[in-house]
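First up is the structure itself, then whatever we jot down about it.
What follows is calculated from the coordinates using simple rules that are stated; it is not laboratory data. In this text the structure is predicted, and so the values were computed from the model without any measurement. When we count neighbours, we look across all protein chains shown, and the Cβ atoms used for this are built from the backbone with ideal geometry, even at glycine.
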Amino acid sequence: MISRTLLPSAFLIIGVFLATGCGPSRSYELHWKIGCAGTSGYCNVESAKDCSALGFDTVVVEVSSSSPSIRSQFSCYSPVSGPVGFGPDLPAGPITLSVSAQSAGGQLLSGPITVNGQVPSDGYGRINVELPRAKACSDGVDNDGDGAVDLNDAQCTEADDDNESE
Ligand SMILES: [Ca+2]
Ligand SMILES: [Ca+2]
C-alpha cells in the first residue's frame with residue numbers, strides 16, 4: 001500500500017516526465033559525412049550498405065566540454081533520420097564534440113575529430129562534421145573483391161597502405 005504522503009511526489013515526478021515529452025532530446029543535431037573510398041572527397045552516407053562498404057558501423061560522439069564528458073553512440077546511418085545523431089539535454093552555450101567512427105568490431109576507423117557548436121537557449125544547434133575514410137588496408141573491407149581483407153591481402157604491405165590491389 002502506498003503511503004498518502006508519498007502520492008503528491010509521485011504525481012510530481014510523472015508530471016515532469018510528461019512535460020519533457022517523448023521525442024529525442026536535442027542540445028545538438030550532428031550531421032556527418034564520411035570520406036569515399038578511392039577519392040579525396042567526402043560522400044554523404046545514404047544507406048546502411050554505404051556504411052558497410054566503407055567499413056563503418058558506429059559513430060561515437062563525446063561531449064568533451066561537459067564534465068564529466070557525455071558519450072553517445074549512433075548507427076552510421078539511420079533509415080529514419082539519415083546520418084545524424086541527437087545530443088543529450090545540455091544548457092545553452094558553446095559545446096565541443098569529439099567524433100569518431102568505428103567498425104562493427106569496435107575498431108577505431110576515423111577520428112576523433114573535434115568540432116565546436118552552440119546550444120541555443122531555445123531548440124538545438126546543428127553541427128556538421130566530415131570524417132576522413134579509413135585506409136584501404138585497415139578498413140575491414142575487401143576493397144578489391146579478391147576475397148582477402150586488409151593485411152590478409154598480399155598487396156597490402158602495411159596497415160597504412162591505401163590500396164589492396166597493387
Ligand atoms: Ca580493406
Ligand atoms: Ca582484397
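Scanning region 82-105 for residues that are of a type outside the set (S, T, N, Q), surrounded by 17 or more Cβ atoms within 10 Å (Cβ to Cβ) and touching a Gly at 6+ places or on another chain (Cβ under 8 Å) yields I95, L97, V99, A101.
Among the residues of region 129-139, are any more than 10 Å from ligand 2 (Cβ to nearest atom), at positive phi, under 19 Å from the mean Cα position of the chain (by Cα) and crowded, with 17+ Cβ neighbours inside 10 Å? Talk me through it step by step, then tell me what you get.
So in region 129-139, the residues more than 10 Å from ligand 2 (Cβ to nearest atom) come out as 129-135, 138-139.
With at positive phi added as a condition, the list becomes none.
Among the residues of region 129-139, not one is more than 10 Å from ligand 2 (Cβ to nearest atom), at positive phi, under 19 Å from the mean Cα position of the chain (by Cα) and crowded, with 17+ Cβ neighbours inside 10 Å, which makes the answer no.
Selection of region 84-95 for residues being more than 12 Å from V60 (Cα to Cα), assigned to a strand (DSSP E or B) and not small (G, A, S) yields P94, I95.
Restricting attention to region 54-80, which residues are among the polar types (S, T, N, Q) and within 26 Å of G140 (Cα to Cα)?
T58, S72, Q73, S75, S78
Of all residues being in a loop (DSSP other than H, G, I, E, B) and of a type in the set (A, V, I, L, M) in region 33-64, which is farthest from A101 (Cα to Cα)? Just the residue, please. Result: A37. The number of residues in region 96-124 that are assigned to a strand (DSSP E or B) and under 16 Å from the mean Cα position of the chain (by Cα) comes to 17.
Anything in region 125-152 that is part of a loop (DSSP other than H, G, I, E, B), more than 7 Å from ligand 1 (Cβ to nearest atom) and not small (G, A, S)? List them, or say none.
As a first pass, look at region 125-152 and keep what is part of a loop (DSSP other than H, G, I, E, B): 132-135, 139-149.
Remaining after also requiring more than 7 Å from ligand 1 (Cβ to nearest atom): 132-135, 144-148.
Within region 125-152, P132, R133, K135, D144, D146 meet the criteria.
Pairs linking a residue in region 126-155 that is within 26 Å of T96 (Cα to Cα) to a residue that is within 11 Å of ligand 1 (Cβ to nearest atom), with Cβ atoms under 7 Å and 6 or more positions apart or on different chains, are R133/A37; R133/L54; A134/G55; A134/L109.
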